[in-house]
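The structure under discussion appears below in the form of structure tokens.
Just so it is clear, none of the values below were taken in a lab; they were calculated from the coordinates. Remember, it's a predicted structure, so these values are computed and weren't measured experimentally. Note that we place each Cβ from the backbone using ideal geometry, even for glycine, and neighbour counts take in every protein chain shown.
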Amino acid sequence: MYGKYHWDGHAGCNFSCSPEEALKLNNICPVCNKKLTIGVEHRVEELADQDTNSRKNRKQFYTLLPLHELIAASMASTLTSQKTWNLYNKLIAEFGSEFNLLLNAAKEKIAKIDEKIAEVIIQNRDGRIRVKPGFDGQYGEVILQEKQTKLL
Ligand SMILES: [Zn+2]
């Protein structure tokens with residue numbers, strides 16, 4: 001959920017913000033005073049709040065990140081690297097499906113294959129991973145414990 005057009009913003013102005021902030025700015029870029037490129041989150045915001053139980057007390061929109069993005073972030077690697085996909089395939093072979101791994105698999109079992117990714121998957125499950133969403137053609141970034149990892 002954090003592709004290139006998730007948040008609102010201007011790539012040229014290196015400015016991005018949440019839909020909330022954009023509304024406060026009347027969708028006008030504070031750098032160049034032109035209309036912001038409106039992101040996906042702005043458009044789907046109203047649909048996002050269906051599962052209120054798991055989003056309780058969580059102001060920011062939260063979604064489970066896909067496995068290959070977690071792997072790339074945990075290895076400080078990229079979405080397209082062989083390293084990322086080697087681990088991806090290994091994990092899928094062991095746990096059957098991405099959803100089973102992301103939602104159900106026990107941490108100790110995942111850790112037998114890779115300790116770092118086990119930790120990240122649990123953080124993902126708990127909604128503890130921070131994401132700086134992409135905007136206006138710039139890719140988003142996963143933020144693991146204050147360390148930012150560019151995905152591409
Ligand atoms: Zn601008």
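Among ILE28, ILE121, the ranking by other beta carbons within 10 Å of each residue's beta carbon, starting with the fewest, stands as ILE28, ILE121. Straightening the chain between ARG128 and GLU20 buys 36.8 nm, computed as 0.36 nm per residue apart minus the Cα-Cα spacing.
Shape class of region 67-125 from the Cα gyration tensor (axes a ≥ b ≥ c, square roots of the eigenvalues): prolate, since a/c reaches 1.5 or more and a/b is larger than b/c. The stretch between LEU64 and THR78 holds 3.2 nm of extra length on full extension. This uses 0.36 nm per residue minus the Cα-Cα distance. The relative contact order of region 67-125 comes to 32 percent, based on Cα pairs under 8 Å that sit 6 or more residues apart. This model, with +1 at the C-beta of Lys and Arg and -1 at the C-beta of Asp and Glu, gives region 67-125 a dipole about its Cα centre of some 60 debye. When LYS116, LYS90, LYS24 are sorted by how many other C-beta atoms sit within 10 angstrom of their C-beta, beginning with the fewest, the order is LYS24, LYS90, LYS116.
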